[in-house]
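Okay, structure first, notes after.
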Amino acid sequence: MSFPRTAVTARLDLRAAAGPDVDELYPIMSDPDGWWFDPAACHADVEQTRAWVARAAERWAEGMSYWTVRERDGGRVIGIGGAQRHASGAWNLSYRIATGAWGRGYATELATAARDAAVEIDPGVPVIAWVAEHNGPSRRVAERLGFTDYGAFVDANDGETRLAYADRPVAAFLTRGG
């Protein structure tokens with residue numbers, strides 16, 4: 001089963017991320033204020049964003065990937081996120097909102113839609129939000145979803161140790177981090 005490549009929430013229009021979105025997503029992905037918790041992840045040039053979006057677009061073949069996030073009122077691109085199958089086999093929940101749109105609940109609205117879609121596609125595996133320990137805003141989004149902080153685990157996608165906030169126990173899917 002695959003989830004529709006588009007979805008609508010109360011305030012957001014979610015569409016499968018694709019190449020035409022790169023010019024609108026690059027300012028979000030390259031904004032150092034948006035990457036304060038992990039400066040090395042800030043996109044250095046538009047080609048990095050183009051490659052990232054291309055990988056996200058390819059992942060739709062696996063059932064679900066990331067959406068480009070637009071405000072329903074006016075269609076302005078304000079972020080990217082959703083859920084992808086993680087290297088561990090669990091779902092990886094991601095939410096990135098433009099700094100100018102922070103504080104309005106958009107990340108929670110996006111994350112809720114992504115969690116619900118992932119559970120609909122494959123309810124047998126956890127949905128995990130990988131969060132840097134010092135990233136309080138991201139932790140609060142995960143907590144608003146009702147996720148539990150299961151502690152530090154190694155993120156199999158990049159080998160970094162992060163907190164695994166999830167909708168259910170994750171130990172069977174992950175390697176304990178330091």
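Can you pull out every residue in segment 103-147 that is aromatic (Phe, Trp, Tyr) and either exposed (fewer than 15 other Cβ atoms within 10 Å of the Cβ) or more than 16 Å from Glu71 (Cα to Cα) (or both)? The answer is Trp130, Phe147.
Counting only strands (runs of 3 or more DSSP E) that sit wholly inside segment 1-119, those with at least 2 residues that are in contact (Cβ under 8 Å) with a residue 40 or more places away in the chain and among the hydroxyl-bearing types (Ser, Thr, Tyr) are 66-71.
If we scan segment 156-177, do we find a residue that is under 28 Å from Arg76 (Cα atoms), surrounded by 14 or more Cβ atoms within 10 Å (Cβ to Cβ) and of a type outside the set (A, V, I, L, M, F, W, C)?
no
Does Ala83 satisfy the criteria of being touching a Phe, Trp or Tyr at 6+ places or on another chain (Cβ under 7 Å), crowded, with 22+ Cβ neighbours inside 10 Å, of a type outside the set (D, E, K, R) and closer than 21 Å to Trp130 by Cβ? The answer is yes for Ala83. Every condition in (1) out of contact with any strand residue (DSSP E or B) (no Cβ under 7 Å at 6 or more places or on another chain); (2) modelled with pLDDT under 95; (3) part of a loop (DSSP other than H, G, I, E, B); (4) farther than 27 Å from Pro20 by Cα holds for Val125 except the one numbered (1). With respect to Ala57, determine if the residue is under 15 Å from the mean Cα position of the chain (by Cα), farther than 24 Å from Arg104 by Cβ and crowded, with 16+ Cβ neighbours inside 10 Å. Judged against the criteria, Ala57 is a match. What about Glu47, is it surrounded by 14 or more Cβ atoms within 10 Å (Cβ to Cβ), farther than 22 Å from Val127 by Cβ and of a type in the set (Asp, Glu)? No, not satisfied. The single residue among Thr148, Thr112, Thr108 that is among the hydroxyl-bearing types (Ser, Thr, Tyr) and touching a helix residue (DSSP H, G or I) at 6+ places or on another chain (Cβ under 8 Å) turns out to be Thr108.
The values are calculated or read from the model by the stated rules, or taken from the named source; none is laboratory data. Because the structure is a prediction, the values reported are computed rather than measured. Cβ atoms come from the backbone with ideal geometry, glycine included; neighbour counts cover every protein chain shown.
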